[in-house]
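These notes concern the structure reproduced below.
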Number of protein chains: 2
Amino acid sequence: MTDPFLDRLADLLGPGGLVVGDELASRPASWTRAAEPCAAAALVRPRSTEEVSAVLAACHAAGRVVVPRGGATGLVDGILCAPGDIALSLERMTGIEALDPLAMTMVVRAGTTLEAVQAAAEAADLFFPLDLGARGSATVGGTISTNAGGLRVLRYGMMREMVLGLEAVLADGTVVSSMRPLIKNNTGLDLKQLFVGTEGTLGVVTRAVLRLRPAPAGYATAVVACADVDAAAAILSRAQRAFQGRVSSFEGMWPDFYRAMTAPGRFAPPLHREHPYYALIEVECVPEEEPRFLSLLETLMTEEIVRDAVISASEEQRRALWRIRDRVELLGEAGLARPFDVSVPFSAMAGYVAEASARIAAIHPDAGSVAYGHVGDNNIHWNTAQLPDPALEAQVEAAIYEPLAALQGSVSAEHGIGLEKRGKLGLSRSAAEIATMRAVKRALDPKGILNPGKIFSHPVD
Amino acid sequence: MTDPFLDRLADLLGPGGLVVGDELASRPASWTRAAEPCAAAALVRPRSTEEVSAVLAACHAAGRVVVPRGGATGLVDGILCAPGDIALSLERMTGIEALDPLAMTMVVRAGTTLEAVQAAAEAADLFFPLDLGARGSATVGGTISTNAGGLRVLRYGMMREMVLGLEAVLADGTVVSSMRPLIKNNTGLDLKQLFVGTEGTLGVVTRAVLRLRPAPAGYATAVVACADVDAAAAILSRAQRAFQGRVSSFEGMWPDFYRAMTAPGRFAPPLHREHPYYALIEVECVPEEEPRFLSLLETLMTEEIVRDAVISASEEQRRALWRIRDRVELLGEAGLARPFDVSVPFSAMAGYVAEASARIAAIHPDAGSVAYGHVGDNNIHWNTAQLPDPALEAQVEAAIYEPLAALQGSVSAEHGIGLEKRGKLGLSRSAAEIATMRAVKRALDPKGILNPGKIFSHPVD
């Protein structure tokens, strides 16, 4: 090794602690740059919080940049490294330390995958509600650092709401342990909030106390057709009232999306393809409540709010309904491979999607877009066509992001900012907000060694 | 006025903006010091965020301490002023600016009372779940700054979980507005978390976007008797599974508490007074589900987990059951007037209460204590006898607080730290945690003008 600092890290971490050379180059730079090798000088793999602390203290003293890396499934280049950076993975800090079935809490190391957490909860006849496609790779530390969302936010909240306690290591190696398994703990600033969703810029999450939930007793699931997203919002509101807030998913599908997913050769359309709007609604309930779900939909049809509906009668049918919303990778076949993730207040959604769609269509003959997403959470996803010219791509981005500022929307609902959306942050955060974030960053990481340049630029805008 | 700075503030705020002299002296120092007048040099009453900003900028420039004050119903002296301080009240910044029934959100000024928020939600056939005895005085700003809890945290979370957006003014007058009405917004540090529960030490909350919920369709309510708090935890777990997390309150009553509340001349005991433990359980459900509630309790009786139970058959009976848990001011008649508020992990509760009770009883022949509280939230309240000698009182405090450090408990579940529990903070927060809180405080309020000395001492410990 030509970098003597790497020798120090290797000594510190022992065998297998340092990954360099070809082995490092075989790791991708990020999910969206799967063909590029990780550019870091080395990847460190500590085995304990103490080793994380020792690594950070050494990097802090030497002024070396540290880029924490979870399952590497993020979509905004939050883990991208520059040459000379030290990438840090908790892949050797895995496992569930404790599970208390009565208190419904789990103590887990940050390198553990989401799937392992879900499986351990299930083995105790409990439920960890966070779920997303990358569950087999995404880690506890990564999902905390990005405040992951997914399919059940409406009912259970985002990762933030599932974390009772947290341990993190600050830039200088200080271990801040707030691992109390308590629902209520009003003792000053709730420190874990500093590390949730800040993408590793304020500390490295090493362990957490997660809140588990009772396993759902069953689901009632339907796809409904209605006039527009405003009608969908009304349907959601009625279902929330009828089932006391137990709507666990409410997924909106604009017609172009529904048609793309039910095009010949893809999925059979459960409702005909000419309705102006579609929504998938799922309620957590016991089997005896299913007639009430049916009768709610009947009432909404009588009131002409719902135009048509199909209810799943089996788990197989339920999965078939979900596929139409969920298997968005098939949009690639329709030439719509580029994903976007934004938030829009309910009342502004219809106008926003109509306007942005029209703007995109006008950019180029090959331009195209479909909108869908967790509309019950204000979250709209777009898939757009990849255009040959970066300048045209920038126009598509502008069509999607720029209107959000005036609508009180957000340029990132659940994916985070990373490097990819850094230039858009100012559309959803004021100068005063960004300055406040920077003040906290300076206070906790004065040398700027922790994932600098992610979320906002470093050291100056 | 002999203080020229007050003239400046008066000019800034116009008529009625400044309260001094007898009018100020008629305001109590705090809830627990109702007989003491507010010691501040003046109380300012801005009418807008701009005026709050102007006051803070002026105080910041002049190095004057500002102590924000909500409904003055807190129990930890978080609003206590020293001579020369500027007290700040948002009592002229009241009212609901907007309510979106479909999105189930409300935009509200921080001086608005909790009761007014609840009433406005109800008028829209919606529900604002936070509730506490002081609802008629407690304000939105105060309940956010103290992260208020109350009776429905188990189902709806604390005030933190009900705030979607927030506007706050920093020490130097900078307005940080994060008022987006979004469920998902992953754009860096979630700034509102800096102001929730930090007792006005990092900023003055001026407005908020609150999340409303569907109105509950009804309740099933019971008081059950069981062997101990561990059995109660098992009952809660079974009820959460049976009703998919819709247990809205789970209140534990240790036997001395139950006996005190059902003593002759107080409330008629719904279950006989010799059981070793009692719990009040309330589930949100529609009337058709009540048979399932009954059958759950029957099953638990067959399994000998529940020893006896009484279910309310009417709203009047429901209220009668609640009174036994809720009318704790009657404990004053039993000589148990001093309230405590702590958190304890479920698995440690039984041993903690047994040990602390025994320790308190051994302090003095007049010493006494009863334990009860929101045990479903890990939250135990104590009421103890007021002892004549401060040294004996300190022993009672030690018996209640000291064991919490080893048990991963908290010295404050929902009341906050303020001035009253400042000396106990180290029992629930490590030196690294407190140092991190201080670093954030210094970053946002470098001169220490915002409620200094609350939570932790200022400028040094």
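The values are calculated or read from the model by the stated rules, or taken from the named source; none is laboratory data. Everything numeric in this text was worked out from a predicted model, so none of it was measured. Quick reminder, even Gly has a Cβ in these numbers, built from the backbone with ideal geometry, and neighbours come from all protein chains shown.
The number of residues in the stretch B:271-290 that are over 24 Å from B:R307 (Cβ atoms) and touching a helix residue (DSSP H, G or I) at 6+ places or on another chain (Cβ under 6 Å) comes to 0.
Filtered by the rule that a residue be out of contact with any strand residue (DSSP E or B) (no Cβ under 9 Å at 6 or more places or on another chain) and at positive phi, the stretch B:137-189 gives B:N147, B:G157, B:G173, B:G188.
Within the stretch A:398-416, if we keep just the residues that are part of a helix (DSSP H, G or I) and within 11 Å of chain B (Cβ to nearest Cβ), the residue that is surrounded by the fewest Cβ atoms within 10 Å (Cβ to Cβ) turns out to be A:A405. Looking only at the stretch A:384-397, which residues are of a type outside the set (G, A, S) and either part of a helix (DSSP H, G or I) or surrounded by fewer than 24 Cβ atoms within 10 Å (Cβ to Cβ) (or both)? Within the stretch A:384-397, A:Q386, A:L387, A:P388, A:D389, A:P390, A:L392, A:E393, A:Q395, A:V396, A:E397 meet the criteria.
Scanning the stretch A:182-225 for residues that are among the charged types (D, E, K, R), touching a residue at least 24 places away in the same chain (Cβ under 8 Å) and either part of a strand (DSSP E or B) or within 7 Å of chain B (Cβ to nearest Cβ) (or both) yields A:R207, A:R211, A:R213.
Summed over the stretch A:232-257, residues that are among the polar types (S, T, N, Q), within 8 Å of another protein chain (Cβ to nearest Cβ) and touching a strand residue (DSSP E or B) at 6+ places or on another chain (Cβ under 6 Å) total 2.
Here A:L419, A:L425 are screened, and the one residue that is within 14 Å of chain B (Cβ to nearest Cβ), in a helix (DSSP H, G or I), at pLDDT 95 or above and closer than 19 Å to A:V76 by Cα is A:L425.
Between A:A120, A:A110, A:A87, the distinction of being of a type outside the set (D, E), farther than 28 Å from B:L191 by Cα and away from chain B (no Cβ under 13 Å) belongs to A:A120 only. Once the stretch A:90-105 is narrowed to residues that are away from chain B (no Cβ under 13 Å) and hydrophobic (A, V, I, L, M, F, W, C), the residue that is farthest from A:L18 (Cα to Cα) is A:I96.
When you scan the stretch B:116-131, do you find a residue that is assigned to a loop (DSSP other than H, G, I, E, B), within 12 Å of the chain's Cα centre (by Cα) and surrounded by 24 or more Cβ atoms within 10 Å (Cβ to Cβ), even just one? Yes, because at least one residue in the stretch B:116-131 is assigned to a loop (DSSP other than H, G, I, E, B), within 12 Å of the chain's Cα centre (by Cα) and surrounded by 24 or more Cβ atoms within 10 Å (Cβ to Cβ). When each of B:S412, B:S369, B:S357, B:S430 is tested for being more than 22 Å from the chain's Cα centre (by Cα) and touching a residue at least 40 places away in the same chain (Cβ under 8 Å), the lone residue that passes is B:S357. Is the stretch A:361-376 home to any residue that is out of contact with any helix residue (DSSP H, G or I) (no Cβ under 8 Å at 6 or more places or on another chain) and closer than 26 Å to A:R155 by Cα? Scanning the stretch A:361-376 turns up at least one residue that is out of contact with any helix residue (DSSP H, G or I) (no Cβ under 8 Å at 6 or more places or on another chain) and closer than 26 Å to A:R155 by Cα. Just one of the listed residues (A:T174, A:T146, A:T139) is crowded, with 23+ Cβ neighbours inside 10 Å and within 9 Å of another protein chain (Cβ to nearest Cβ), and it is A:T146. Among the residues of the stretch B:428-438, just one is more than 8 Å from chain A (Cβ to nearest Cβ) and basic (K, R), namely B:R438.
Of all the residues in the stretch B:327-345, those that are within 25 Å of B:T146 (Cα to Cα) and without any contact (Cβ under 8 Å) to a residue 12 or more places away in the chain number 1.
Within the stretch A:428-461, the set of residues being assigned to a helix (DSSP H, G or I) and either assigned by TED's automatic domain parsing to the domain that holds A:S343 or among the basic types (K, R) (or both) comprises A:R438, A:K441, A:R442.
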